[in-house]
1. So which residues in the range 77-126 are of a type in the set (Lys, Arg) and in a helix (DSSP H, G or I), if there are any at all?
2. Restricting attention to the range 135-162, and to residues there that are surrounded by 13 or more Cβ atoms within 10 Å (Cβ to Cβ) and assigned to a loop (DSSP other than H, G, I, E, B), which single residue is modelled with the highest pLDDT?
3. Being in contact with a Lys or Arg (Cβ under 7 Å, 6 or more places away or on another chain) and not hydroxyl-bearing (Ser, Thr, Tyr), is that true of even one residue in the range 8-24?
4. Among the residues of the range 60-75, is any of a type in the set (Gly, Ala, Ser), surrounded by 10 or more Cβ atoms within 10 Å (Cβ to Cβ) and either assigned to a helix (DSSP H, G or I) or within 23 Å of the chain's Cα centre (by Cα) (or both)?
5. Quick one: which residue in Ala58, Ala26 is more than 30 Å from Asp134 (Cβ to Cβ), in contact with a helix residue (DSSP H, G or I) (Cβ under 6 Å, 6 or more places away or on another chain) and free of Cβ contacts under 8 Å to residues at least 60 places away in the same chain?
6. For the range 65-110, what are the residues that are touching a residue at least 40 places away in the same chain (Cβ under 8 Å) and hydrophobic (A, V, I, L, M, F, W, C)?
7. For the range 88-134, which residues satisfy the criterion of being open to solvent by 40 Å² or more (accessible area, probe 1.4 Å) and of a type in the set (A, V, I, L, M)?
8. Which one of the conditions (1) over 30 Å from Met18 (Cβ atoms); (2) open to solvent by less than 40 Å² (accessible area, probe 1.4 Å) does Val36 fail to meet, given that it meets all the rest?
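The values are calculated or read from the model by the stated rules, or taken from the named source; none is laboratory data. It should be emphasised that the depicted structure is a prediction, and the values quoted were computed from it without experimental measurement. Counting neighbours? That spans all protein chains shown, and the Cβs are built from the backbone with ideal geometry, glycine included. Side chains are part of the model used for accessible areas, which takes the heavy atoms of the whole protein and leaves out ligands, DNA and RNA. Shrake-Rupley method; radii C 1.70, N 1.55, O 1.52, S 1.80 Å.
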Amino acid sequence: MRDAHSFDEFYRSTARRMMRYGYAVAGDHTEAQDLVQEAFTRAWRQWGRLSEHPAPEAWLRLVVSRLANDRWRRLHRWRAVLSRSGPPPTAPPPSENGVLLVGALRQLPATQRQALALHYLFDMSVEEIARETDVPVGTVKSWLSRGRSRLAALLPDLYTEELEANDVS
């Protein structure tokens, strides 16, 4: 059975030392926080037995060092895979129109942005959007209409270019 009070005392008396140890082992403060947190989580799960251990802090240090070694091995394997496959292709810079569109979308209310994204990026019908957002179909139609109108007002040059590009006359 776990005794929360004794675990709290153990945690308070060892947490700072464990963080310093984790930092020394990992070389990174954030990584050390993750390692120590995971070690204390494991200690809590086994606290009934661990509280009877002759050196629970030594057990905790062992867990921290093993977790650090596991992460280091995983990172080393990942780097080896990346070195064999080469670097990922360079992403092209965003287009000017894309930057303008994102800026305009940020000016829309969240509901209109969501409806436009679901409709145009995920090809969802008005009915599907209504189900997902738990609103009436008419509300979704209103969001889409108002969102498109507002985008047309915010991006008049892009809107006219798009109309001209799609004009078949």
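1. Initial filter on the range 77-126 (of a type in the set (Lys, Arg)): 77, 79, 84, 106, 113.
Within the range 77-126, Arg77, Arg79, Arg84, Arg113 meet the criteria.
2. Narrowing the range 135-162 to residues surrounded by 13 or more Cβ atoms within 10 Å (Cβ to Cβ): 135, 137, 139-144, 146-148, 150-152, 154-155, 158-159, 162.
This time we only want the ones that are assigned to a loop (DSSP other than H, G, I, E, B), so: 135, 155.
Working: Val135: 95, Leu155: 88.
Only one residue tops the list, namely Val135.
3. Filtering the range 8-24 down to residues in contact with a Lys or Arg (Cβ under 7 Å, 6 or more places away or on another chain) leaves 21.
After this cut, where a residue has to be not hydroxyl-bearing (Ser, Thr, Tyr) as well, the list is none.
No, because not a single residue in the range 8-24 is in contact with a Lys or Arg (Cβ under 7 Å, 6 or more places away or on another chain) and not hydroxyl-bearing (Ser, Thr, Tyr).
4. Going residue by residue through the range 60-75, those that are of a type in the set (Gly, Ala, Ser) are 65, 68.
Cutting the leftovers down to surrounded by 10 or more Cβ atoms within 10 Å (Cβ to Cβ) gives us 65, 68.
Going one step further and asking which of them are either assigned to a helix (DSSP H, G or I) or within 23 Å of the chain's Cα centre (by Cα) (or both), we end up with 65, 68.
Looking through the range 60-75, at least one residue is of a type in the set (Gly, Ala, Ser), surrounded by 10 or more Cβ atoms within 10 Å (Cβ to Cβ) and either assigned to a helix (DSSP H, G or I) or within 23 Å of the chain's Cα centre (by Cα) (or both).
5. Working: Ala58 fails: in contact with a helix residue (DSSP H, G or I) (Cβ under 6 Å, 6 or more places away or on another chain).
The unique qualifying residue is Ala26.
6. The answer is Ala68, Leu100, Leu101, Ala104, Leu105, Leu108.
7. Ala91, Val99, Leu100, Leu101, Val102, Leu105, Ala110, Leu121
8. (1)
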